[in-house]
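Trainee: Sharing a structure, written as structure tokens. Questions coming.
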Amino acid sequence: MADLGLGTAGLGNVFGEVGAEAAAEIVTAAAGAGVRSFDTAPYYGFGLAERRLGRALPAGPFVVSTKVGRTLTGGGCHFDFSAAAVRRGIEGSLDRLGRDRVDVVYLHDPDDHEEQAATEAWPELCRLRDEGVVSAIGVGMNQWQMPARFVERLDVDVVLLAGRYTLLDRGGERLLDLCGERGVDVVLGGVFNSGLLIDPRPGAWFDYAPAPADLLARAQRMRDAAASAGYELAACALAFAAAHPAVTSVLVGATSAGQVRANLDAFRREVPPELLSRLVSC
């Protein structure tokens with residue numbers, strides 16, 4: 001059964017300013033409420049999210065994931081999927097997180113670097129896994145096609161897919177089915193499609209851009225159908241993501257401790273499968 005994990009892009013001020021105290025409260029609230037999975041990356045605030053997570057996360061049976069491939073240099077960030085960059089990246093992440101090992105490491109958005117990611121970065125991740133520095137390795141992307149190729153040709157433990165398996169976009173279903181067949185875990189992010197599946201009001205965004213009129217109208221139909229059955233659209237979006245048998249975790253971000261608690265309440269709401277089927281057909 002899938003659990004709810006905390007995505008920490010917000011701790012790196014990716015979506016707006018979050019103060020140090022609020023960031024610590026977010027992590028503390030999540031850990032205290034039963035969240036066990038925490039996902040981060042050097043790219044989130046150029047290391048800020050990792051540092052904040054490392055400082056605030058208490059000792060315990062938590063699963064921490066981070067990413068490689070976006071290298072921090074001179075206050076900026078660029079893509080580098082060389083073996084040396086992967087090892088340097090892990091060493092930097094461990095330092096910022098205050099850990100001597102990490103549970104999961106993903107290749108971070110190698111969209112334009114598939115060959116280097118597969119032939120240089122991946123073997124280095126395998127070595128780090130063999131050394132015990134990393135427990136599981138995978139790829140994290142906003143598309144499903146390249147992760148599917150990785151699953152088909154490499155020894156992938158887990159895939160992080162953002163935005164491609166939601167009530168509005170089921171394009172990644174083939175990848176999820178493939179992962180289920182191969183015994184590869186799936187972590188889903190972006191299940192609200194940039195907020196459209198929380199509050200589909202005029203001006204809402206879909207995948208980091210203003211929502212097209214047809215998708216906005218469809219999300220509004222979903223909202224109305226969910227409301228008529230006594231459910232919030234966000235709870236339905238989370239339930240849909242968690243229902244696929246290959247999914248082990250659903251990541252949701254937060255910019256306040258209150259938002260963490262609201263997300264958990266929504267995730268724990270049982271939504272009838274027949275309602276989810278009705279929403280998909282809206």
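The values are calculated or read from the model by the stated rules, or taken from the named source; none is laboratory data. Given the structure is predicted, the values throughout are model-derived calculations rather than measurements. No Cβ is skipped: glycine too gets one built from the backbone with ideal geometry, and neighbour counts run over all protein chains shown.
Trainee: Evaluate the stretch 50-62: report whether one residue or more is under 25 Å from Glu114 (Cα atoms), at pLDDT below 95 and surrounded by fewer than 24 Cβ atoms within 10 Å (Cβ to Cβ). Spell out the reasoning first.
Mentor: To start, the set of residues in the stretch 50-62 that are under 25 Å from Glu114 (Cα atoms) comprises none.
No, the conditions are met nowhere in the stretch 50-62.
Trainee: Quick check: anything in the stretch 120-129 in contact with a Ser or Thr (Cβ under 9 Å, 6 or more places away or on another chain), of a type in the set (D, E, K, R), surrounded by fewer than 20 Cβ atoms within 10 Å (Cβ to Cβ) and under 19 Å from Gly92 (Cα atoms)?
Mentor: yes
Trainee: Looking at the stretch 109-168, which of its residues are in contact with a strand residue (DSSP E or B) (Cβ under 9 Å, 6 or more places away or on another chain) and among the basic types (Lys, Arg)?
Mentor: Of everything in the stretch 109-168, those that are in contact with a strand residue (DSSP E or B) (Cβ under 9 Å, 6 or more places away or on another chain) and among the basic types (Lys, Arg) turn out to be Arg129, Arg164.
Trainee: How many residues does the stretch 89-103 hold that are assigned to a helix (DSSP H, G or I), out of contact with any Ser or Thr (no Cβ under 6 Å at 6 or more places or on another chain) and closer than 18 Å to Arg55 by Cβ?
Mentor: Total satisfying the criteria: 5.
Trainee: On the basis of being of a type outside the set (A, V, I, L, M), at negative phi, part of a strand (DSSP E or B) and touching a His at 6+ places or on another chain (Cβ under 8 Å), does Thr66 make the cut?
Mentor: In short, no.
Trainee: Out of the residues in the stretch 17-28 that are assigned to a loop (DSSP other than H, G, I, E, B) and out of contact with any helix residue (DSSP H, G or I) (no Cβ under 8 Å at 6 or more places or on another chain), which is surrounded by the fewest Cβ atoms within 10 Å (Cβ to Cβ)?
Mentor: Glu17
Trainee: What's the number of the condition Ala31 fails, among (1) touching a Gly at 6+ places or on another chain (Cβ under 8 Å); (2) within 21 Å of Ala162 (Cβ to Cβ); (3) not in a loop (DSSP other than H, G, I, E, B)?
Mentor: Tallying (1) touching a Gly at 6+ places or on another chain (Cβ under 8 Å); (2) within 21 Å of Ala162 (Cβ to Cβ); (3) not in a loop (DSSP other than H, G, I, E, B), Ala31 fails exactly one: (2).
Trainee: Something else: Would you point out which residue out of Asp157, Asp109, Asp169 is under 20 Å from Asp3 (Cβ atoms), surrounded by 15 or more Cβ atoms within 10 Å (Cβ to Cβ) and under 19 Å from the mean Cα position of the chain (by Cα)?
Mentor: Going through Asp157, Asp109, Asp169 in turn, just one is under 20 Å from Asp3 (Cβ atoms), surrounded by 15 or more Cβ atoms within 10 Å (Cβ to Cβ) and under 19 Å from the mean Cα position of the chain (by Cα): Asp157.
Trainee: Given the conditions (1) closer than 20 Å to Tyr208 by Cβ; (2) without any contact (Cβ under 8 Å) to a residue 40 or more places away in the chain; (3) surrounded by fewer than 20 Cβ atoms within 10 Å (Cβ to Cβ); (4) not basic (Lys, Arg), and given that Asn142 satisfies all but one, which numbered condition is not satisfied?
Mentor: The one condition Asn142 does not meet is (2).
Trainee: For residues that are crowded, with 24+ Cβ neighbours inside 10 Å and in contact with a strand residue (DSSP E or B) (Cβ under 7 Å, 6 or more places away or on another chain), scanning just the stretch 233-246, find the one that is farthest from Leu175 (Cα to Cα).
Mentor: If we take residues in the stretch 233-246 being crowded, with 24+ Cβ neighbours inside 10 Å and in contact with a strand residue (DSSP E or B) (Cβ under 7 Å, 6 or more places away or on another chain), then Leu238 is farthest from Leu175 (Cα to Cα).
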